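Enquirer: Got a structure here, written out as structure tokens. Questions coming.
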Ligand code: F6P
């Protein structure tokens, strides 16, 4: 192992910069040449890699986003594109790649390795926390704190005006973010893609006689349609006669300075990824399970995103918000 590349791919997540920093500095510490590549796999397609020295990652651990830029590179799913990338990597004598990203990015990494490319190690980075094989993905903690701060602010207005609010958080396939901020924010109901309820059931839950609240907040995961809360608000108004104001938190949740937890997790995962490559590992992902970091096999892309199975926590929230 002499030359490695680090790249960020898919949606950005706070803490990606801390992971890049850890990969670059650990690599140099162990005598590796470390290269960066911009816009995820697109940088490989464009054959633009550049050396990264330890000082190139100075003063950025506190910043959200990714200094390497990122993209969802659909052309990388085509074999001819990957063949061309593999030839390029061979010519440049690249021995290993660290891919920081989510499910789509790991699919690309898996294919590259399976077809004879360099060794790959993934670092899970997505605010959705929806990757199989790890209980934690970088960016999740920052996103949930960002959403929580917003909910606290909305509650001030909700309570001052006796208003009802639908607050929509991210989470295309999974409700991890909605669940955590719903419980922590004292939401009156949490709606996730895994546990959908009809408008009628939702209406009956929020108008049940147990609830004599003058204002309320329902947290909704955006699922497959960002902005779906507007439709839900309309339906609730028809069924209950209650007006729901809508607040879509959207991409505010992906930005911002990473929390201590995300910076530390990213730093440890970056270090572990490089150690893994040096020890001859490939097709592995850094993972956090039962309180410790480990390397596990990159999840089978056919599994799709990890989804929430904690219905008991949704029920717990039902009890706590009465
Ligand atoms: O990064 C994950 C995610 O934030 C999902 O929760 C969300 O559905 C999606 O990305 C939005 O991505 P885009 O930036 O493509 O709109």
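Every read-out reported here was derived from the displayed coordinates using simple, explicitly stated rules and does not represent laboratory data. If you're wondering where the values come from, they're calculated on a predicted model, not measured in any experiment. Cβ placement follows ideal geometry from the backbone for every residue including glycine, while neighbour counts extend to all protein chains displayed.
Enquirer: What FRET efficiency, computed as 1/(1 + (r/R0)^6) with R0 = 45 Å and r the Cβ-Cβ distance, is obtained for residue 160 and residue 115, rounded to the nearest 0.05?
Expert: Working from the Cβ atoms, E equals 0.15.
Enquirer: Here is a further query. Where does helix 228-240 land angle-wise versus the long Cα axis of the chain, in degrees 0 to 90, nearest 10?
Expert: In the chain, helix 228-240 runs at an angle near 10 degrees to the longest axis.
Enquirer: Rounded, prolate or oblate, given the Cα gyration tensor of region 141-254, with a/c below 1.5 counting as rounded?
Expert: Taking the square roots of the gyration eigenvalues as a ≥ b ≥ c, region 141-254 is oblate.
Enquirer: Additional query: Be a star and scan region 243-257 for residues whose amide nitrogen sits under 18 Å from the point 7 Å along the Cα-to-Cβ vector of residue 213.
Expert: Of the residues in region 243-257, 243-249 have backbone N under 18 Å from the label point off residue 213.
Enquirer: Would you mind checking region 179-203 for residues with the amide N under 12 Å from a putative spin-label position 7 Å along Cα→C-beta of residue 231?
Expert: What the label zone holds, given the 12 Å backbone N cut-off, is 199.
Enquirer: Counting alpha carbon pairs within less than 8 Å and at least 6 residues apart, what relative contact order, in whole percent, applies to region 64-184?
Expert: 18 percent
Enquirer: Hey, could you grab the Kirkwood Rh for the chain? Inverse mean 1/r over distinct alpha carbon pairs, Å, one decimal.
Expert: Kirkwood hydrodynamic radius for the chain: 20.6 Å.
Enquirer: Let me ask you something else. Relative contact order (percent) for region 141-254, with alpha-carbon contacts under 8 angstrom and 6 or more residues of separation?
Expert: 40 percent
Enquirer: I'd like the orientation of helix 311-320 relative to the chain: the angle between its Cα long axis and the longest Cα principal axis, in ° from 0 to 90, rounded to 10.
Expert: Taking the Cα atoms of the chain, the angle to 311-320 is about 40 degrees.
Enquirer: If you average over every viewing direction, what projected area does the convex hull of the Cα atoms of region 50-93 give, in nm²?
Expert: Here the figure is 4.4 nm², rounded to one decimal.
Enquirer: Normalised by the residues of the chain, what does the relative contact order come to in percent, with Cα pairs under 8 Å and at least six apart?
Expert: The normalised contact order for the chain reaches 24 percent.
Enquirer: May I ask you to sort 308, 277 by Cβ crowding, counting other Cβ atoms within 10 Å and putting the fewest first?
Expert: Ranking 308, 277 by Cβ neighbours within 10 Å, fewest first, gives 308, 277.
Enquirer: Now a separate question. Ranking 168, 268, 53 by Cβ neighbours within 10 Å, fewest first, what do you get?
Expert: Sorted ascending by nearby Cβ count, the order is 53, 268, 168.
Enquirer: Based on alpha-carbon atoms only, what is the radius of gyration of region 268-320 relative to the globular estimate 2.2 N^0.38 Å?
Expert: Taking the Cα Rg and dividing by 2.2 N^0.38 Å, one obtains 1.62.
Enquirer: Would you mind checking the tilt of helix 79-91 against the longest principal axis of the Cα atoms of the chain, expressed as 0 to 90 degrees and rounded to 10?
Expert: Long axis of 79-91 versus the principal axis of the chain: about 40 degrees.
Enquirer: I need 82, 172, 228 ordered by Cβ neighbour count within 10 Å, fewest first.
Expert: 172, 228, 82
Enquirer: Starting from 0.36 nm per residue, how many nanometres of slack lie between residue 261 and residue 60 once their C-alpha separation is accounted for?
Expert: Gain in length upon complete extension: 70.8 nm.
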